[in-house]
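First up is the structure itself, then whatever we jot down about it.
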Amino acid sequence: DMDIMGGKATLSGESNVAVQQKYVNGSEQKFEEYRDVQNGVVLQDLRLRIDGNTIPYYLDLKVMHPALSDEFYRLQGGQYGKFGIELFYDSIPHNYATGTLILSGAGTDNLTIANQIQQDMQANELLTPARGTNPLAPNPQDAAQQAITTDLLANTNTTVFAFKREKAGFSVGYNFTDDIKSWARVTNEKKTGTRVITIGDYERYPQIPGGPHISDLFLVAGTELAEPIQYRTTVLNVGTGIYKKEWLADIQYTFTNFDNEDSTLRWDNPYRSTSISSSNFAGATNTSNGDFNRGRFTMGQLDLVPSSQSHDITLSGSVELPAIHGRFTGTVSYGMVFQNDSFLPYTLNAAVSGTNVPAFAGPANITDPATVLATSGHSSLNGDVRTITQSYVFTCKPVEPLTVTAKYRYYDYDNLSDAITFPGYAAFSESFWRTGNNDPRATANAGAPSSPLSYTRQNAGLVVDYHLFKPLTVTVEGGWEGWDRENLRINSTDELGIGGGFLYKPIKAVIFSGRYRYAHRTVNGYEPGNTAENPEAVGQVNFDWADRIRHRVDARLAILPVQSVTIGVTWQYLKDDYGGNNPFGLKSSESLAGAIDVAYRPSDIVTLYASYVQEYSKGAMQSAAKDNAVAGQNYFPRNFWNSDIYDKAETVGTGVTVQVIPGKLTLNTSYNLSFTKTEFSNTNPNLASDTLQNAIAQAWPPIRNRYQEVRVDIGYNLTKKLKVGVAYLYEWYKLDDFVNTPAYMAGLSAENSTKFVFTGANQYSYEANVAGAYVSYTF
Amino acid sequence: LLLVGAMAFATDGSYVGSEKCKECHPDLAKAFSTNIHAKAGEYGFKDAGCESCHGPASGHVEAGDTAAIINPAKTDYEAVSASCLKCHSKDKKQVLWHGSIHESQQISCVACHKIHGGNDRLLANKLENELCWSCHLDVRADMFKRSKHPMRDSSTPTTEGKMTCSSCHNPHGAMSEKLIDARSFNDKCYECHAEKRAPLLWEHSPVKEECTTCHSAHGSSHNKMLVTMVPRLCQQCHMQGRHQTAALATNSVLVFNRGCLNCHPMVHGSNHPSGAILQR
């Protein structure tokens, strides 16, 4: 610290400058997922503080990583107790991976490909009837398309998928008196870049011409695209309140404007230069018009997230209740969210017209948004959500050994958006018109009705702590959570919970606490499956809506056996059983986490610590391959299959700090190791010959993540203020995940993916070394 | 009299004033001069001083005995917190301390705050996240997993700390569960993921009800911070069409790459008239 302005103020701060060199093998994007590690000279941070001694003003400047992608600047200032201002800018990169995009225009809302390529691809298209009896059998046309695609991928530059958040803000707070305050804050965040998004499609194929519908196979098609991200979010928050020791009350208003500059994404289908209506063919048993060759379209369009605006007004208050040593706090909030982006046309595929759009009476231009308005009565959603939140907390200590806490929360999400029924839709941009939203009414051309989802969630809880003896506190708790829903296949759920715990502190050096909670969630009005209201299978219940029995145990032990040793142990167990007697869905989940942490300080110059965390979880689900051998009965026990997923994680952390020369030379090292493994146990006890092909359990290899990190820092204090040092970082990350495929899977997939091109932006493993030296100055 | 806050401690003796303390502790007093507590008078606590937290010091001054002065770090948690709250109950961020999970675990203010320290918000550790993780080791473990928020520390040029625990939680107590400092889980997520807030034509119910149905907020062994792997995550709820009910081999387009999202990318909802099955 140093006095400035003739002693009126004190200047303090610190600065760290480093010079470093990195060596990265593998994915630089994963290594720098949220950071920017540059070679050369880096100003790590700069902090300058001016604190008034005899004047009531202050100024605080904080700078981190200037001129890098993860730069941060903040300036605060003001008069103590009177007013304060803040300006800040924060940049956060999010780097994903490098991939190959065969379409041009990454980062824009229009991805294109040369027409010649589309023509060459189309010239080698093999339609359904011509594929013969085995659609997966090699053929010259598929081989030609594969050769074109492979060549294209080999000669296309790679694309880095990444985006960056840049957030700037200004806030000011003003105290009218010691108790009356007001504030205003404005932030603006720009989020720009790209990330992968996949658009898929498929062709149906009758494996057995004239055979049952269930025998149809699918040939998949699609392209992984670069989704442009051009978001801008502006938030204004203003408020004022009275803050006294005995009570406080305030009101605040928040306006959020979210703007997406690229709210659509057009993309060329690499495999088609002309759009043609889908077609059926002789021998097909599924006779809906145009059910098969539906992928013959040239261009698709995605609707990305729409722009929106929201308003929130919140009233808060709190009052002390000295007679019972208590306090009551409440918050009431009202919110509105609006979204009214104009609807896109049903499709850009002009081939969806005429005879294959039976729901349309007369000619209609399917590529015109006016057709959406004419056929649904709406040109936008009129998206309108109103929220009401009420939260109340009451806590008191009516007598010394007793503490009572009661909470109640009400959250109402009322979606007033228009409910719209469309006559149908062109999914996946395909040359085909669907007249039902995959529900059992589809055959009646019921159209596709949208359903604005609304719900009300309420929580109430009561916790009573009682100091039974001075070292022992026991806790009893109970709670209720209720959900009421609209336009969903479930009406409501109620969950009642009860539990208890203790905290035992026999001596100052030992604290041991435990807690157990039991809860049972019951379900009201879950629509049975295979109905218009619930098109899912009979017996399938979503785990977040299902009947649930929950057991939860937490324990914590902290010991200081001797002055130089600290030991902490935590243990958590959670078991959920879902769905009662319903056979399908997630049936149970179980998780266990244990951790131990030891710190040892044998002397003033040495500190060691070590920690170990082990986590285990298991999720058990059951499903059944859908059959239609008997009308109205789709799920037979012979087709039941189970999948148990085991997630295991072990994390080790160790470190040592040694004052090699006390006050001068310090060695600081740490090592972290993380190993996670996901294993799958997919089973079907029935003979494969007795089950549908889709019901045969398949072995999935485990997924492994391994991470190691070594940090070494040797610092030398040249003076009390000046420190120099060297630092070294080693990171190694290895991901083995069988789902991360090459960019092109032609002929290797179960569904003949000859026409499905990915980017291959999924390689994340890396090994990195960073060595550097630094100078740190504190003043 | 320097009474502010000191009533919480049952100590004998009388107040001597902070100037007396400076006589024997000049370095401490100098360092404390830039501490926010040294400016308490500007905030309406005009009589605040050393004895506001350390209690009447006359006995300590007379005998020089360290046992004759209160050290909040070695004092009963309730007394310490009560002392702090004598002033800080005016702060909205602290009004829910009583009855909060940290209070019920008998954690006092000075377990996390070092009042004489120089760190931001007087935290006991320069890095807020490290302070929290010293007890919440399982959350620390999540930081080394496959997907996570940018929360590793920011202490060196090679670290990435952009979020802190208090970006989402209020450790002093909150209306929402898990000490979430917002009206709901989703409202907290929308603060950074504003694009997920708006109502859409085709909704996916868990998205609007609770993000944590599918996402693990601290970190995950799975991609995109998912609670489990796609397609199994989707299959746990969906058995409508045939392809959703297949046991699936690893060479199926329903499994590899983005799994179900290969064809249904708009899993958070779609506003496209033809996006009824979250595919456009």
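Close contacts from the range A:655-682, counting a first residue that is more than 24 Å from residue A:598 (Cβ to Cβ) and more than 14 Å from every other protein chain (Cβ to nearest Cβ) and a second that is exposed (fewer than 15 other Cβ atoms within 10 Å of the Cβ) and among the polar types (S, T, N, Q), with Cβ to Cβ under 8 Å and a gap of 6+ residues or different chains, come to none at all. Applying the condition of being among the aliphatic types (A, V, I, L, M) and assigned to a helix (DSSP H, G or I) to the range B:206-239 and asking which residue is farthest from the other protein chains (Cβ to nearest Cβ) yields B:225.
Of the numbered criteria (1) at the interface with another protein chain (Cβ under 10 Å from one of its Cβ atoms); (2) among the basic types (Lys, Arg); (3) in a strand (DSSP E or B), the one residue A:517 fails is (1). Considering only residues that are surrounded by 15 or more Cβ atoms within 10 Å (Cβ to Cβ) and more than 9 Å from chain B (Cβ to nearest Cβ), look in the range A:617-641 and name the one that is farthest from residue B:242 (Cα to Cα). Checked the range A:617-641; the qualifying residue farthest from residue B:242 (Cα to Cα) is A:618. Every condition in (1) surrounded by fewer than 19 Cβ atoms within 10 Å (Cβ to Cβ); (2) touching a helix residue (DSSP H, G or I) at 6+ places or on another chain (Cβ under 7 Å); (3) at pLDDT 95 or above is met by residue A:96 except one, and the failing one is (1).
Close contacts from the range A:176-187, counting a first residue that is in a loop (DSSP other than H, G, I, E, B) and a second that is aromatic (Phe, Trp, Tyr), with Cβ to Cβ under 9 Å and a gap of 6+ residues or different chains, come to A:178/A:243; A:178/B:43; A:178/B:45; A:179/A:243.
Among residues of the range A:437-453 being surrounded by 21 or more Cβ atoms within 10 Å (Cβ to Cβ) and at pLDDT below 85, the one that is nearest to the other protein chains (Cβ to nearest Cβ) is A:437. Scanning the range B:97-122 for residues that are at the interface with chain A (Cβ under 10 Å from one of its Cβ atoms), in a helix (DSSP H, G or I) and surrounded by fewer than 20 Cβ atoms within 10 Å (Cβ to Cβ) returns B:101, B:120. In the set A:468, A:462, only one residue is surrounded by fewer than 18 Cβ atoms within 10 Å (Cβ to Cβ) and modelled with pLDDT of 95 or more; that residue is A:462. In summary, residue A:539 fulfils each of the numbered conditions (1) in contact (Cβ under 8 Å) with a residue 40 or more places away in the chain; (2) at negative phi with the single exception of condition (2). All conditions but one from (1) aliphatic (A, V, I, L, M); (2) surrounded by fewer than 20 Cβ atoms within 10 Å (Cβ to Cβ); (3) under 24 Å from residue A:411 (Cβ atoms) apply to residue B:163; the one that does not is (3). Kindly indicate the residue of the range B:245-273 that is over 33 Å from the mean Cα position of the chain (by Cα) and more than 8 Å from every other protein chain (Cβ to nearest Cβ) and also surrounded by the most Cβ atoms within 10 Å (Cβ to Cβ) among those meeting that condition. Result: B:254. With the requirement that a residue be more than 13 Å from chain B (Cβ to nearest Cβ), at pLDDT 95 or above and touching a Ser or Thr at 6+ places or on another chain (Cβ under 6 Å), what does the range A:183-205 give you? Residues satisfying the conditions do not exist here. Is it the case, given these coordinates, that residue A:611 is of a type outside the set (D, E, K, R), buried (at least 20 other Cβ atoms within 10 Å of the Cβ), free of Cβ contacts under 8 Å to residues at least 60 places away in the same chain and within 19 Å of residue A:703 (Cα to Cα)? No, not satisfied. Pairs under 6 Å by beta carbon, first residue more than 8 Å from chain A (Cβ to nearest Cβ) in the range B:75-96, partner among the β-branched types (Val, Ile, Thr) and surrounded by fewer than 22 Cβ atoms within 10 Å (Cβ to Cβ), six or more apart or different chains? Filtered contacts from the range B:75-96: B:80/B:110.
Is it the case that the range A:379-401 has a residue that's more than 30 Å from residue B:202 (Cα to Cα), in contact with an Asp or Glu (Cβ under 6 Å, 6 or more places away or on another chain) and touching a residue at least 60 places away in the same chain (Cβ under 8 Å)? No - not one qualifying residue is present in the range A:379-401.
Residue-wise test of (1) more than 10 Å from chain B (Cβ to nearest Cβ); (2) free of Cβ contacts under 8 Å to residues at least 12 places away in the same chain; (3) in contact with a strand residue (DSSP E or B) (Cβ under 8 Å, 6 or more places away or on another chain); (4) among the polar types (S, T, N, Q).
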{"site": "A:216", "(1), (2), (3), (4)": "no, no, yes, no"}
{"site": "A:220", "(1), (2), (3), (4)": "no, no, yes, no"}
{"site": "A:227", "(1), (2), (3), (4)": "no, no, yes, no"}
{"site": "A:235", "(1), (2), (3), (4)": "no, no, yes, no"}
{"site": "A:238", "(1), (2), (3), (4)": "yes, no, yes, no"}
{"site": "A:243", "(1), (2), (3), (4)": "no, no, yes, no"}
{"site": "A:250", "(1), (2), (3), (4)": "no, no, yes, no"}
{"site": "A:255", "(1), (2), (3), (4)": "yes, no, yes, no"}
{"site": "A:263", "(1), (2), (3), (4)": "no, no, yes, yes"}
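Of all residues in the range A:26-45, those satisfying the criterion of being in contact with a Lys or Arg (Cβ under 7 Å, 6 or more places away or on another chain) and either surrounded by fewer than 19 Cβ atoms within 10 Å (Cβ to Cβ) or among the hydrophobic types (A, V, I, L, M, F, W, C) (or both) are A:37, A:39.
Here B:92, B:114, B:86 are screened, and the one residue that is under 23 Å from residue A:326 (Cβ atoms) and in contact with a strand residue (DSSP E or B) (Cβ under 9 Å, 6 or more places away or on another chain) is B:92. Checking each residue in the range B:185-221 for being more than 29 Å from residue A:343 (Cβ to Cβ) and of a type in the set (S, T, N, Q) picks out B:212, B:216, B:220, B:221. Looking only at residues in the range B:40-56 that are at the interface with chain A (Cβ under 9 Å from one of its Cβ atoms), over 26 Å from the mean Cα position of the chain (by Cα) and not in a loop (DSSP other than H, G, I, E, B), the one that is surrounded by the fewest Cβ atoms within 10 Å (Cβ to Cβ) is B:41.
Has the range B:192-201 got any residue that is over 24 Å from the mean Cα position of the chain (by Cα), closer than 23 Å to residue A:458 by Cβ and buried (at least 22 other Cβ atoms within 10 Å of the Cβ)? Yes, the conditions are met somewhere in the range B:192-201. I'd like the residue in the range A:493-511 that is among the β-branched types (Val, Ile, Thr) and surrounded by fewer than 18 Cβ atoms within 10 Å (Cβ to Cβ) and, out of all such residues, is farthest from the other protein chains (Cβ to nearest Cβ). It comes out as A:498.
Restricting attention to the range A:16-25, does a residue exist that is more than 12 Å from chain B (Cβ to nearest Cβ), at pLDDT 95 or above and buried (at least 16 other Cβ atoms within 10 Å of the Cβ)? Checking the range A:16-25: not a single residue is more than 12 Å from chain B (Cβ to nearest Cβ), at pLDDT 95 or above and buried (at least 16 other Cβ atoms within 10 Å of the Cβ).
The values are calculated or read from the model by the stated rules, or taken from the named source; none is laboratory data. Note that the coordinates shown come from a computational prediction; the quantities given were computed from them, not determined experimentally. Counting neighbours? That spans all protein chains shown, and the Cβs are built from the backbone with ideal geometry, glycine included.
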